[in-house]
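Data first, discussion second: the structure below is written as structure tokens.
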Amino acid sequence: MVRYSFCAGAIGVAIPQAVIPGLRDFLLDLSPSEVAASQLLTEFWEEAFNCSLTKSPAVNKGLCDGTNDIKRLKNPYTETSQLRVTNMVYKAAYAIAHAFHNALCLETNVTTQCDKLIKLKSNQIFSELKKINFSQNGYHVSFDANGEPVAAYEVVNWQTNESGSTEVVTVGSYDASLPVGKQFHINRNITWMEGGSQVPVSVCSESCPSGTRKVLQKGKPICCYDCKPCPEGEISNITDSPDCIPCPKEFWPNANKDACFPKPVEFLSFEEILSTILATFSVSGACLAIITAAVFFRHRTTPIVRANNSELSFLLLFSLTLCFLCSLTFIGPPSEWSCMLRHTTFGITFVLCISCVLGKTIVVLMAFKATLPVLSPNRLSLN
């Protein structure tokens, strides 16, 4: 698949590659006579050099003249460093050898004694295999309690070289034996699709920032969406949020709608001009009501005060005084008691004032509608 250019830019994990000592020399130390003795090697030789070792050459193939040098051949067979699975077989063979050695030999501080005549059973080899712990060709081999080796992989990237062909390049590694946070490592630049250096995205829309939510586009795939700002009183503090969340009570969103902060306490302070004017009118009105009440009380026995329904008048003046003073409770910083006192006091005093006015109005109406008694003519007499 390396021959296909559309694979350039792909990234994945692979078994670690390694150079097995002596393997390349062993594979390249082949003579035509040795190759002819093996049917498998004969097929490989004829395919590699496009010639025939037999006396009856195939169509479009000539006889091999013996000058073919396998060391000059350029193919995966001669590039032994890319034999990743072969390296795993290499380590597996050494693991079995170490298991046999541990089962047959007894090591002391001075010498090692081996008894090669012992008949071993498979469970003995399996038991010793779980205990092996060695390093071979630069790689450590051991097994955990579950019989699994330590996970070690290479991160590979399919890149296009200068000649235009695709090659598998190791760009990083993963080693589960390292501490957490250092297991995954990238040590080379990754080439993505069409030779780009930017990481490709798998969506057709840009990520929605904080303060917005994703709204899917009708008739398009799920990766296509619009970013809509959060409604009033709601925020989103993560990228690509599907929904917005409302702010708690006594909080409201900031300008970017990505965080909630406490609402500022706004009130009418005594230092402001409006507060001074309001307090002056309030105290003045209360003083006028009290003065009027004092005058009425001073002349409470006079006919004009008695005819004006003195009880309702005093009650009305009292409620007016409280109404004037009630406005002072709306000045200053709010508290739990002041908020309850404001509305309660204002409601009671205002209703009481209106009730007194309504009562005096009813009394006046009743006085105007009253009729004088008519005397009977029979009861009239002349002096």
Legend entry - Failed item, numbered, when LEU268 is tested on (1) touching a helix residue (DSSP H, G or I) at 6+ places or on another chain (Cβ under 8 Å); (2) under 30 Å from ALA10 (Cα atoms): (2)
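Which one of these is out of contact with any helix residue (DSSP H, G or I) (no Cβ under 9 Å at 6 or more places or on another chain) and assigned to a helix (DSSP H, G or I): ASN146, ASN123?
Details: ASN146 fails: assigned to a helix (DSSP H, G or I).
Criteria check complete, one pass: ASN123.
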Inset, instruction - Kindly indicate whether ASN102 is of a type outside the set (D, E, K, R), assigned to a helix (DSSP H, G or I) and over 42 Å from the mean Cα position of the chain (by Cα). - result: yes
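Residue by residue, here is whether (1) in contact with a Phe, Trp or Tyr (Cβ under 9 Å, 6 or more places away or on another chain); (2) in a strand (DSSP E or B); (3) touching a residue at least 12 places away in the same chain (Cβ under 8 Å); (4) farther than 30 Å from VAL215 by Cβ holds:
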{"position": "ASP243", "(1), (2), (3), (4)": "no, no, yes, no"}
{"position": "PHE267", "(1), (2), (3), (4)": "yes, no, yes, yes"}
{"position": "GLU271", "(1), (2), (3), (4)": "no, no, no, yes"}
{"position": "ALA286", "(1), (2), (3), (4)": "yes, no, yes, yes"}
{"position": "ILE291", "(1), (2), (3), (4)": "no, no, no, yes"}
{"position": "PHE296", "(1), (2), (3), (4)": "yes, no, yes, yes"}
{"position": "SER313", "(1), (2), (3), (4)": "yes, no, yes, yes"}
{"position": "CYS326", "(1), (2), (3), (4)": "yes, no, yes, yes"}
{"position": "HIS343", "(1), (2), (3), (4)": "no, no, no, yes"}
Inset, instruction - Assess whether ALA93 counts as being farther than 23 Å from ASP29 by Cβ and among the small types (Gly, Ala, Ser). - result: no
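Take segment 244-289 and flag every residue that is among the hydrophobic types (A, V, I, L, M, F, W, C) and more than 50 Å from the chain's Cα centre (by Cα).
ILE273, ILE277, LEU278, ALA279, PHE281, VAL283, ALA286, CYS287, LEU288, ALA289
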Legend entry - Criterion violated by VAL155 - all others in (1) surrounded by 12 or more Cβ atoms within 10 Å (Cβ to Cβ); (2) out of contact with any strand residue (DSSP E or B) (no Cβ under 9 Å at 6 or more places or on another chain); (3) among the β-branched types (Val, Ile, Thr) satisfied: (2)
Inset, instruction - Could you please find all residues in segment 328-341 being assigned to a helix (DSSP H, G or I) and touching a helix residue (DSSP H, G or I) at 6+ places or on another chain (Cβ under 8 Å)? - result: LEU328, THR329, PHE330, SER338, LEU341
Legend entry - Considering residues of segment 254-265 that are in contact (Cβ under 8 Å) with a residue 24 or more places away in the chain and of a type outside the set (D, E, K, R) only, the residue surrounded by the most Cβ atoms within 10 Å (Cβ to Cβ): CYS260
Inset, instruction - Give segment 73-86 a look and list any residue that's out of contact with any strand residue (DSSP E or B) (no Cβ under 8 Å at 6 or more places or on another chain) and in a helix (DSSP H, G or I), or say none. - result: THR80, SER81, VAL85, THR86
Inset, instruction - Output the number of residues of segment 75-94 satisfying the condition of being at pLDDT below 70 and touching a Lys or Arg at 6+ places or on another chain (Cβ under 8 Å). - result: 0
Inset, instruction - Look at ALA307 and say whether it is among the aliphatic types (A, V, I, L, M) and in contact with a strand residue (DSSP E or B) (Cβ under 7 Å, 6 or more places away or on another chain). - result: no
Inset, instruction - Select, from VAL141, VAL150, VAL156, VAL171, the only residue that is of a type in the set (A, V, I, L, M) and farther than 28 Å from ALA93 by Cβ. - result: VAL171
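So that you can scan it fast, the table gives a plain yes or no per residue for (1) β-branched (Val, Ile, Thr); (2) exposed (fewer than 12 other Cβ atoms within 10 Å of the Cβ); (3) modelled with pLDDT of 85 or more; (4) part of a strand (DSSP E or B):
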{"residue": "VAL168", "(1), (2), (3), (4)": "yes, no, no, yes"}
{"residue": "HIS185", "(1), (2), (3), (4)": "no, no, yes, yes"}
{"residue": "SER197", "(1), (2), (3), (4)": "no, yes, no, no"}
{"residue": "SER210", "(1), (2), (3), (4)": "no, no, yes, no"}
{"residue": "ILE222", "(1), (2), (3), (4)": "yes, yes, no, no"}
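Do we find that LEU322 is without any contact (Cβ under 8 Å) to a residue 40 or more places away in the chain and in a helix (DSSP H, G or I) in this structure?
On the way: without any contact (Cβ under 8 Å) to a residue 40 or more places away in the chain: yes; in a helix (DSSP H, G or I): yes.
It is true that LEU322 is without any contact (Cβ under 8 Å) to a residue 40 or more places away in the chain and in a helix (DSSP H, G or I).
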Legend entry - Pairs with Cβ under 8 Å, 6+ apart, first in segment 12-29 and free of Cβ contacts under 8 Å to residues at least 60 places away in the same chain and of a type outside the set (Ser, Thr, Tyr), second surrounded by fewer than 14 Cβ atoms within 10 Å (Cβ to Cβ) and not in a loop (DSSP other than H, G, I, E, B): LEU28/LYS71
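The values are calculated or read from the model by the stated rules, or taken from the named source; none is laboratory data. Quick caveat: nothing in here was measured; it's all calculated off a predicted structure. Because the Cβ atoms are built from the backbone with ideal geometry, glycine has one as well, and the counts that use them run over all protein chains shown.
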